[in-house]
Every structure is written in structure tokens, then in C-alpha cells.
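Contents: one structure, followed by commentary.
The values are calculated or read from the model by the stated rules, or taken from the named source; none is laboratory data. Values in this document were obtained by computation on a predicted structure and should not be read as measured data. FYI the Cβ positions are ideal-geometry reconstructions off the backbone, even for glycines, and counts take in every protein chain you see. To get the accessible areas, we keep the full protein, side chains included, count just its heavy atoms, and leave off ligands, DNA and RNA. Shrake-Rupley method; radii C 1.70, N 1.55, O 1.52, S 1.80 Å.
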Amino acid sequence: MPESYATTDGGRILADLNALRGIGTFKTGVHKPTFSEPHMRSLEWLAMRLPDAGLAASIDGIGNVIGTSAKAGPKLLSGSHLESQNYAGWLDGPLGVVYALEAARVINGDPRMAGAVEVAAWCDEEGHFGHFLGSRSYVGGVTEADIDAARDRNSDRSMRQALQAAGLSGRPRLTTKRGRHIGYLEAHIEQGETLESSGLKIGVVTSIVGIWQYRIMFKGAQNHAGTTRMAIRKDAGLALARFCVAIDDCFPISCGPRTVWTTGRMTLDPGAPSIIPGAAEMLFQIRDDDVDVIARLEVKLHSMAAEATAQGPCSVEVERLRTGAPAIMDATFQQAIEAAAAQFAGGKAMRMPSGAGHDAQVLATVMPSGMLFVPSIGGISHHWSENTADADIITGAEVFVETCRRLLMQAR
Ligand SMILES: [Zn+2]
């Protein structure tokens, strides 16, 4: 390793991650819903450490922690999130925050380096109250009315009440200043098994998939489960089941290499053992980083519904609930991650799309953005057993800090 490069401290990174795991511990993971006491303590933990990295810390009116530098030169924004899914893993979020903190500690104090890494912990990436509320607020995409309407999906507590209880009411919300940052870099655990099964250490994220969501409704006739002959039934539940199978038969012909689709919820109406369902509904999701592929599958979905309706005995209707444009990661960022991986991970890196949503997709709407992944053991995530080997955590940090350094040097 060339002597002129500042280096990362693996022991310090592991100690920080374990300190965050010690707040709101659940088995080997954590339970830190947004605005819970352990979440707020984690935000304060970060705010206390940012001055060591030459950053002035503030927690804003939506629970974002932002560390800003007064150093001259280019600024790179970096971070992730500190709340968790319920009873989930210790690295989903904190890994990216601690890497950003480490990069700031290594780079901001180095007199040979112009510019600085600024650190952010975005609130509620996990969506307890909404949909990327913290990072969307930072890019100016959240109104006061949006906050008025937001409620905790588990407890139904309003976001206003939660902000009040957390002591954040009335604080201003910080927003991005156009041109301040050369871009945004985020590290995250892969949450899949591609890196592990390929024997690789770094995922260079090319894009973050768009998510399209649909409600598919089936209408039949509700009737007695004992006296209605099979031949004359209009069973909406059966129509739903057949439609699900038909999707799995049809989609592989038209989909892309990494398209995924999921029926996440099925409801039968009225949903009783002795009643033939008169209506049924499924929530259906398609994810891909190619809008054309999704458009093709959506056309397919509509034609399948028309065909099923024509065949009877139930009618099928498809309603699009949500679209999400895929976010393309910046080419310069991808090259910088690859170069850093060649230096610190023996080139054991691959380019890959992210099938999960991340704050980087929100930041990418206003500035060049990039993401790198480290391996997840067994591909497990959103579960308390989520883990990454210590050696892989340290390698990832070395690649991350080097990527930050390269991006800042290039921007000078
Ligand atoms: Zn995450």
C-alpha cells in the first residue's frame, strides 16, 4: 500500500459497529424501529462522534443526522441509516454509516487531502412511517402535509407525535444545497448471496431497481360452499390462484435476466371456510432496472387479465398502484469503486444491480451517486442472524475509504 495514503482502522470500525449493536440489542441483531428510544440513542451516538471526524453535527426536524465540514475543497456526501426493521440485523444501515464516519475520520484530518467527506444518517429508510422520508426530505421531496399524514405502520402512532416524543418537533429540516456535493456514496450489505457464492468481496452497484406495484382484483359470486355445484361456481379465490400460476408460466418468456416478481398479499372476500369467495385481491410487485422490461410485463399482465375475463367465470382487473423509476449509479463512481477494489480487495469485485431500495436512489435524483456492497453470510438480511465476516467488513471499509479518496482527488 503506498505510504502517502491514509489508512482505515479495522478495529475501530468493528468497535463502532458493535457499540451500535449494543443499543437496542435483540439476540445477535437489533430492534430499533424509527424514533424508538434505541434509535434516538443511536443518532445521538453518531452525533457525538462526528466532531472527531472534523464535522459539525446536527439532528434535524425529521431525524436526519448530518455532519458538515468547514474545510475548503470538494465535499463528498456519504451515509446510510441507523434504524432497523423490527427484530432485525445489526449491519443493515449501520455498516454504511460507520464506513462514512471512518472515511471522514481518515480523510478530513489529512492535510494532503483537499475537501472532505460529510456524513449522513437518513431517517426511516426502513419505512416504518413512509417511504425514504429522511433522504426525500433532504432532497426537498417531503412536504409538511406529507409529515402530517405519516403514521407508524405497526402502532399507527402519527409521525407528528413520534417527532414530539423524540424531541425533534419544531426543528428545521436540513436540505441539500445545490452544488455543495460532488456526489453521494453509500455502502451496504448485499442482502443476497451473489457475492458470497461467487467468492467475491465487493459489489459495484450499477443501478437500483424500480419497483412497480399492482392491485389485481377478481370478481365472482359469493355462495354456499356446500350446496353450490362445482360447475356453476364463480370462485374468485380459485381465479386468483390460477392467475398467480399463469404469471409464473408467462413472465419468464418476456422478462429480463434479473427481473423478480412477487405476490405479497392475497385476500379472499369474505374469507370464511364455508363460503365461496365472491371477490379476491392480490398485491403484486415487479422489480427490474430496465423500464422497458417492466412496461412489457405490464402489457402482458393486462392481456392476461382480459383473457381470463373473457374465459370466465370470474372477471379480472389490474390496477397500477405505484411506479418507481430505477436509479442509475454514476459511471465515475462505479470506476472509482472498481479501482479501489483492485487495490484493496485483490480485484474481487463485480458489477451488479441492487434488487433492494436504498437512500442512494433518492440522492441520485439530485447528485451523482454510487453504492458498494459487501457480502452477506448466507444472503440473510431483515433477520437478527444477518452477518458479514469481520475480515469482509474491514476489506469493504478499506475499499470504501479509498473510493472516497479517489473521488475527492478527481474532483479537485
Ligand atoms: Zn438498509
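Quick one: with all protein chains in place, what share of the accessible area of the chain is carbon or sulfur, to the nearest percent (1.4 Å probe)?
The value for the chain is 52 percent carbon and sulfur by accessible area.
For the stretch 1-93, which GluC sites (Glu not before Pro) pass both filters: DSSP loop (anything but H, G, I, E, B) and at most 11 other C-beta atoms within 10 Å?
Sparse-neighbourhood loop GluC sites (Glu not before Pro): Glu3.
Note down the relative contact order for the stretch 337-412 as a percent, whole number, built from C-alpha pairs under 8 angstrom at least six residues apart.
Relative contact order here is 38 percent.
Would you mind working out the magnitude of the charge dipole of the chain relative to its Cα centre, with +1 at each Lys and Arg C-beta and -1 at each Asp and Glu C-beta, to the nearest 20 Debye?
On the way: 39 positive and 45 negative charges, 119 e Å.
Dipole size: approximately 580 debye.
Given charges of +1 on the Cβ of Lys and Arg and -1 on the Cβ of Asp and Glu, with all other atoms neutral, how large is the dipole of the stretch 27-163 about its Cα centre, in debye to the nearest 20? Mind dumping the intermediate values first?
On the way: 13 positive and 17 negative charges, 59 e Å.
Charge dipole, the stretch 27-163, about its Cα centre: 280 debye, nearest 20.
Would you mind telling me the antiparallel percentage of the DSSP bridges in the chain, rounded to 5?
Among the beta bridges of the chain, antiparallel pairing accounts for roughly 65 percent.
Once you order the gyration tensor axes a ≥ b ≥ c over the Cα atoms, which shape class does the stretch 1-115 get: rounded for a/c under 1.5, otherwise prolate or oblate by comparing a/b with b/c? Walk me through the numbers on the way to the answer.
Details: a/c = 2.76, a/b = 1.60, b/c = 1.73.
The shape class here is oblate.
Any chance you could give the angle, 0 to 90 degrees and rounded to 10, that helix 37-49 forms with the longest Cα principal axis of the chain?
Orientation of helix 37-49: about 30 degrees from the principal axis.
Using only the alpha-carbon atoms, how far is helix 94-108 inclined from the longest principal axis of the chain? Give it as 0 to 90 degrees, nearest 10.
Tilt relative to the chain: about 20 degrees.
Could you give the accessible area per residue of the chain, probe 1.4 Å, as a whole number in Å²? Intermediate results must be reported in sequence, preceding the final value.
Values: 17230 Å² over 412 residues.
I get 42 Å² per residue for this part.
What is the sum of charges around Pro375, taking Lys and Arg as +1, Asp and Glu as -1, for the other residues whose C-beta is under 13 Å from the C-beta of Pro375?
Charge balance near Pro375 sits at -4.
Would you mind counting up the charge near Ile276? Only other residues with Cβ under 13 Å from its Cβ, with Lys and Arg at +1 and Asp and Glu at -1.
With Lys, Arg at +1 and Asp, Glu at -1, the neighbours total +2.
How many angstrom separate the Cα center of the stretch 229-296 from the Cα center of the stretch 311-337?
The stretch 229-296 and the stretch 311-337 have Cα centres spaced 17 Å from each other.
Only helical DSSP H runs with n ≥ 4 go in: add -39500 (n - 2.57) per run for the chain, normalise by residue count and round the 222 nm mean residue ellipticity to 500 deg cm²/dmol.
-11000 deg cm²/dmol
Give a quick list of trypsin sites (Lys or Arg not before Pro) in the stretch 128-237 that DSSP marks as loop, anything other than H, G, I, E or B, with at most 10 other Cβ atoms within 10 Å.
Details: sites: Arg136, Arg151, Arg153, Arg157, Arg160, Arg173, Lys177, Arg178, Arg180, Lys201, Arg215, Lys219, Arg229, Arg233, Lys234; in loops: Arg153, Arg157, Arg173, Lys177, Arg178, Arg180, Lys201, Arg229, Arg233, Lys234.
Listed in order of number, the matching sites are Lys177, Arg178, Arg229.
Provide the net charge surrounding Pro257, with neighbours chosen by a C-beta distance below 10 Å and charges set as Lys +1, Arg +1, Asp -1, Glu -1.
Net charge in that neighbourhood comes out at -1.
Using only the alpha-carbon atoms, how far is helix 291-311 inclined from the longest principal axis of the chain? Give it as 0 to 90 degrees, nearest 10.
The answer is roughly 10 degrees.
With the dipole of the stretch 186-335 worked out from charges on the C-beta (+1 for Lys and Arg, -1 for Asp and Glu) around the Cα centre, which of Gln335, Gln222, Ala241 lies farthest toward the positive end?
Gln222
Within the chain, what is the number of lysine pairs with alpha carbons under 26 Å apart, leaving out pairs fewer than eight places apart on the same chain?
The result is 6.
Under the definition of Cα pairs under 8 Å and six or more residues apart, what whole-number percent is the relative contact order of the chain?
Normalised by residue count, the contact order of the chain is 22 percent.
With the alpha-carbon atoms as the only input, what is the per residue convex hull volume for the chain in Å³?
Residue-normalised Cα hull volume stands at 150 Å³.
What does the charge dipole of the stretch 97-240 about its Cα centre add up to, to the nearest 20 debye, if the Cβ of each Lys and Arg holds +1 and the Cβ of each Asp and Glu holds -1?
620 debye
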